[in-house]
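One structure is given here, and the rest of the page talks about it.
Nothing in this text is a laboratory measurement; each read-out follows from the coordinates by a stated rule. On a predicted model such as this, the values are computed, not experimentally measured, just so you know. In this analysis, Cβ positions are derived from the backbone assuming ideal geometry, glycine residues included, and neighbour counts consider all displayed protein chains.
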Amino acid sequence: MVKKSFKLLIIILLTASAGVYAADFPAYVSDSFIQNTQSGDTIPAGQGKSKKYKTTFTGKKVTFENFDQQYERAMRYYNNQQYLSAAGLFEDLYPLSLGTPRADTILYLFAHSYYMNGDYEMAAFHFRDYVRRYPNSERTEDAFYYGTSAIYKTSPDYSLDQSNTEYAIEQIKAFIDAYPNNSHIEECNNMLDALRLKLARKDLEMLILYYDTDHYEACQIAAKNFFNEYAYSPLMPEAIYYLVLNNYEYARKSVERKKEERYKACLDACNRLLLNYEETKYTKEVERISKEVQKHLSKYNKNSQNN
């Protein structure tokens, strides 16, 4: 009866550890020391870029009997920056550690090993699980940060779907809201700037595409939306420049009765750049177009005066 109860306990623990995680999340790191208060180990987090190693763990299956030995082996892998091997062994250790003081440490190092090995999706998943399972741990803030950083690192090139980018922005804001006095504020702001720039670049490329394909009104609408959404973006001068080009071509190719108002729209765009951005690589070209537009408008002014 005792043996059956013991086996049942193991099954319950293993089943619980394989439960559904609240998946989502990704991360960015700052090097620090990870203090294992439960076991007394002091573990230096990896420095610089993450490194990938082949799995070298070929030991026996982890059991309750050899748990301590395998835990020490996992710690050696981790401290030697053999993160893939460490992750594999921590994964085996974690279900058997549930309900013990080491469970907290093992899950954290499990997630961090994935992070340092460059597997940011898995790192985000397990850091998220850590925050869910251990909301009051002294490592919870770091886990939240690393998880957020992992999401940041999964954000794709601007030309691809930006769902992960938008999600990363949400998670960074959530981290800052949860820990307003955290020590990673500067890193978080830098991540937000990089992500917003990526979204801005994607929208700007759409604006340019409308101009290149002669969809002049669509380009104007895209420019208006861009100005509202990214008023302080470093891409603003470029966006205005393409609006100038768009409006100039649109006016030139318009029927005569529409040209005057469309040249005026072009001049407005020229002035927007010249008045707000004194020195850009677009300044000379926009000044040239502005002079051309003013010549055309002066003709319409003379005609209206004569009439």
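At a glance:
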{"read-out": "Extension gain from Ser183 to Val255, taking 0.36 nm per residue of separation minus the Cα-Cα distance", "value": "19.9 nm"}
{"read-out": "Segment Tyr158-Asn225, length gained on full extension (0.36 nm per residue, minus Cα span)", "value": "22.3 nm"}
{"read-out": "Sequence-distant aspartates and glutamates (8 or more away, or on other chains) whose Cα lies within less than 12 Å of Lys264", "value": "Glu292"}
{"read-out": "Förster-model FRET efficiency, 45 Å R0, Glu72 and Ala194, C-beta, rounded to 0.05", "value": "0.70"}
{"read-out": "Between region 182-250 and region 55-128, the Cα center-to-center distance that results, in Å", "value": "44"}
{"read-out": "Qualifying aspartates and glutamates (Cα of each under 20 Å from Cα of Lys202; at least 8 residues distant if same chain)", "value": "Asp157, Asp161, Glu166, Glu170, Asp193, Asp212, Asp214, Glu217, Glu229, Glu238"}
{"read-out": "Out-of-range pairs (alpha-carbon distance over 25 Å; input Lys153/Lys281; Lys253/Lys299; Lys224/Lys253)", "value": "Lys153/Lys281"}
